[in-house]
Amino acid sequence: MTGPELTGSKIRWGIFGSGGIARRFAQDMRFSRTGVLAAVASRSSENAQSFAQLFPGTKVFDDYRDLADSDQVDAIYVATPNALHKDHSLIAINAGKAVLCEKPFACNAAEAREVAAAAAAANVFCMEAMWTRFLPIMADLRQRIAAGELGQVAHLEASLGFARTERPGDPITDPALGGGALHDLGCYGMSIAEFLLGPFQLEGGSVERSATGSSRTAAFVLSHAGEGEAALSTISVSHATQMRNMLVLSGSKSRITLEAPFIQAGYGTVSPVRFAEPGAVPGPSLRARLSNSLYGQKAKRMIRAVLPGHAKISAQFHGSGLQFEIDEVGTCLGSGRTVSRVMPPETTISVLETLEKLDGSQASTS
């Protein structure tokens, strides 16, 4: 089955899990055009009850399978720890329910292939919840690239670092639960690079680990062979420190900067790219020194919008931005599609395959 058709009624969502991301998903449901929250199940009945009190009308199930089998639910959002994503997605698929699984979709590519194959065999919709790909500003960037506004795109730079103390049992940092900065955060930059610049190859990277084996900081380079010259993406992630959390897309005509955190960006800045004349020798002029100073950087941000060639991109939205992935599922179900054109399973698998390569090579222990 492909799930319910949109004929005036909304998709009824059940949630596996009651943690922070599950609550954000439920909160953003009020901004969705196609979905409504119907049910929740959690490892702890007490947690599920507390969750339901925050969202009146939500039915509580004591077991994930009971929720999946309920005729009061059309689609399931899997928001449990990473290590459980595969098993919980399969529970939903086996019950014939559409699945939106939080990133990372699985702990490795083999698990992702198993889930994707099960969904295809059952003719059930299944998608990774890479919500950043569905933000309005990302569609805007794709349009600008296609229209040639950036010229020949040469480079994408993305950093994403949120300092987080490592703790056993924490699904974000504990490697036994699928945690670590590489899988928790690296999938964002890699997926967005593919979305904006196309298929990629891993050119190299390095991973710094804690004594427990958790990836604390990682950096890697991807190459994209598109039309014309190849583009490069350099991506860095960390749980060991706070990074700039910005994305910069640079071309031969202009550069676009998404302000922090780029995974939730509602606006950006377009700046012109100016080439030096042949033979010119750049030097540390007074103007350059002032421009690059702290006060100069602040001044540039204030006056960018009025300078020739500079422009501000505004794509603001309500809530956290999870409503756009909710509506992608609703749109797909309404048109009878079992895969999303924006977040297809082959991209999810490709990202996980690359993360595995990074996870198993050039890693050092701090």
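The values are calculated or read from the model by the stated rules, or taken from the named source; none is laboratory data. In this text the structure is predicted, and so the values were computed from the model without any measurement. As a convention, Cβ positions derive from the backbone with ideal geometry for all residues, glycine included, and neighbour counts pool all protein chains shown.
Only residues that are part of a strand (DSSP E or B), small (Gly, Ala, Ser) and within 14 Å of GLU157 (Cα to Cα): list them for segment 247-267, please. It would help to see each step written out before you state the result.
Of segment 247-267, the ones part of a strand (DSSP E or B) are 247-251, 254-258, 267.
From what is left, the residues that are small (Gly, Ala, Ser) are 250-251, 254.
Selection gives SER250, GLY251.
Can you work out which of the residues in segment 39-77 that are among the polar types (S, T, N, Q) and touching a residue at least 24 places away in the same chain (Cβ under 8 Å) is farthest from SER9 (Cα to Cα)?
Per the criteria, the residue is SER44.
Enumerate the strands (runs of 3 or more DSSP E) found wholly within segment 53-106, keeping only those where 1 or more residues are within 16 Å of GLY19 (Cα to Cα) and touching a Leu at 6+ places or on another chain (Cβ under 9 Å).
Correct list: 59-61, 75-78.
On the given criteria, is ARG167 part of a loop (DSSP other than H, G, I, E, B) and basic (Lys, Arg)?
Numbers: part of a loop (DSSP other than H, G, I, E, B): yes; basic (Lys, Arg): yes.
The answer is yes for ARG167.
Within segment 241-249, can one find any residue that is closer than 26 Å to LEU84 by Cα and in contact with a helix residue (DSSP H, G or I) (Cβ under 8 Å, 6 or more places away or on another chain)? Don't jump to the end; show me each part of the working.
Let us first name the residues in segment 241-249 that are closer than 26 Å to LEU84 by Cα, namely none.
There is no residue in segment 241-249 that is closer than 26 Å to LEU84 by Cα and in contact with a helix residue (DSSP H, G or I) (Cβ under 8 Å, 6 or more places away or on another chain).
Would you be able to say whether some residue in segment 230-241 is modelled with pLDDT under 95 and outside any strand (DSSP E or B)? Give the derivation first.
Quick first cut of segment 230-241, residues modelled with pLDDT under 95 only: 230.
With the extra rule that they be outside any strand (DSSP E or B), the set shrinks to 230.
Yes: one or more hits.
Okay, residues lined up against (1) free of Cβ contacts under 8 Å to residues at least 60 places away in the same chain; (2) closer than 27 Å to ALA120 by Cβ:
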residue: THR34; (1), (2): no, yes
residue: LEU37; (1), (2): yes, no
residue: ALA79; (1), (2): no, yes
residue: ALA95; (1), (2): yes, yes
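Examine segment 33-42 for a residue that is among the aliphatic types (A, V, I, L, M), crowded, with 22+ Cβ neighbours inside 10 Å and either touching a His at 6+ places or on another chain (Cβ under 9 Å) or closer than 18 Å to MET130 by Cβ (or both), and state whether such a residue exists.
no
Residues of segment 170-218 being crowded, with 19+ Cβ neighbours inside 10 Å, part of a helix (DSSP H, G or I) and touching a helix residue (DSSP H, G or I) at 6+ places or on another chain (Cβ under 7 Å), which ones?
Once the filter is applied, which keeps residues that are crowded, with 19+ Cβ neighbours inside 10 Å, part of a helix (DSSP H, G or I) and touching a helix residue (DSSP H, G or I) at 6+ places or on another chain (Cβ under 7 Å), segment 170-218 yields LEU182, HIS183, GLY186, CYS187, TYR188, MET190, SER191, ILE192, GLU194, PHE195, LEU196.
Would you mind finding the one in GLU277, GLU229, GLU259 that is closer than 29 Å to ALA129 by Cβ and charged (D, E, K, R)?
GLU259
Scan segment 130-143 residue by residue and report those that are surrounded by 18 or more Cβ atoms within 10 Å (Cβ to Cβ) and charged (D, E, K, R).
Listed by number, the list holds a single entry, ARG133.
If GLN53 passes every condition in (1) surrounded by 19 or more Cβ atoms within 10 Å (Cβ to Cβ); (2) at pLDDT 95 or above but one, which one does it miss?
Every condition holds for GLN53 apart from (1).
Among the numbered criteria (1) crowded, with 20+ Cβ neighbours inside 10 Å; (2) in the same structural domain as VAL221 (by TED's automatic domain parsing); (3) in a helix (DSSP H, G or I); (4) not charged (D, E, K, R), which single criterion is violated by LEU156?
Unmet condition: (3).
Restricting attention to helices (runs of 4 or more DSSP H) lying wholly within segment 273-354, give those where 3 or more residues are closer than 30 Å to ALA122 by Cβ, modelled with pLDDT of 95 or more and of a type in the set (Asp, Glu).
323-334
Given the options ASP62, ASP66, name the one that is at pLDDT 95 or above and of a type outside the set (Val, Ile, Thr).
It is ASP66.
Here is a list of conditions, (1) in contact (Cβ under 8 Å) with a residue 40 or more places away in the chain; (2) of a type outside the set (A, V, I, L, M, F, W, C); (3) under 17 Å from THR348 (Cβ atoms), and ARG209 meets all of them except one; can you say which number that is?
(3)
Name the one entry in ILE21, ILE76 that is surrounded by 22 or more Cβ atoms within 10 Å (Cβ to Cβ), under 25 Å from the mean Cα position of the chain (by Cα) and not small (Gly, Ala, Ser).
Working: ILE21 fails: surrounded by 22 or more Cβ atoms within 10 Å (Cβ to Cβ).
The conditions single out ILE76.
State which residue is surrounded by the most Cβ atoms within 10 Å (Cβ to Cβ) when the search covers only segment 1-18 and only residues that are β-branched (Val, Ile, Thr) and modelled with pLDDT under 95.
THR2
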